[in-house]
Amino acid sequence: MPCPYQPFLAGFVTHSYAFAVTGELTGLSREAVMARILALGGSWHHSVRKDTDYLVVGHAPGATKLDTAAARRAKYGKPDTIDEAQFFAMVAASVGGTTR
């Protein structure tokens with residue numbers, strides 16, 4: 001069965017996907033998530049922008065970022081909203097190692 005994130009994984013480093021995070025993450029601190037994204041060639045947004053590709057949703061997410069993401073998705077077709085587990089699975093698969 002092919003990985004559902006294969007298009008993402010195939011170009012993660014070269015395409016520089018942009019991420020934002022809302023809510024509290026349990027696996028890593030926000031700074032550690034940011035460092036992991038940057039190390040893999042992605043970029044980090046403190047807020048959801050029209051060029052944000054993925055919004056990682058943790059525990060108790062902020063309504064503003066969720067609402068902004070929904071509005072941007074309706075207008076620009078992105079960002080995709082993913083949970084913390086999906087984010088870590090994507091990172092692990094893209095580097096072929098552990099998630100944390």
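The values are calculated or read from the model by the stated rules, or taken from the named source; none is laboratory data. The shown structure was predicted, so the numbers you read here are calculated from the model rather than taken from an experiment. Cβ coordinates were reconstructed from backbone atoms using ideal geometry, including for glycine residues, and neighbour counts include every protein chain displayed.
Data overview
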read-out: Of residues in region 50-67 being among the hydroxyl-bearing types (Ser, Thr, Tyr) and surrounded by 15 or more Cβ atoms within 10 Å (Cβ to Cβ), the one nearest to Ala85 (Cα to Cα); value: Tyr54
read-out: Search result, residues across region 35-62 that are charged (D, E, K, R) and within 11 Å of Ala20 (Cα to Cα); value: Arg49, Asp51, Asp53
read-out: Residue satisfying condition, being assigned to a helix (DSSP H, G or I), modelled with pLDDT of 90 or more, farther than 14 Å from Thr22 by Cα and not small (Gly, Ala, Ser), within set Lys75, Lys65; value: Lys75
read-out: Counted residues, region 17-49 - those being outside any strand (DSSP E or B) and either of a type in the set (A, V, I, L, M, F, W, C) or surrounded by 13 or more Cβ atoms within 10 Å (Cβ to Cβ) (or both); value: 20
read-out: Condition check for Asp51: of a type in the set (Asp, Glu) and either modelled with pLDDT of 95 or more or touching a Ser or Thr at 6+ places or on another chain (Cβ under 8 Å) (or both); value: no
read-out: First in region 27-43 and under 12 Å from Phe87 (Cβ atoms), second anywhere and loosely packed, with under 13 Cβ neighbours inside 10 Å, Cβ under 8 Å, 6 or more apart; value: Gly27/Arg100; Leu28/Arg100
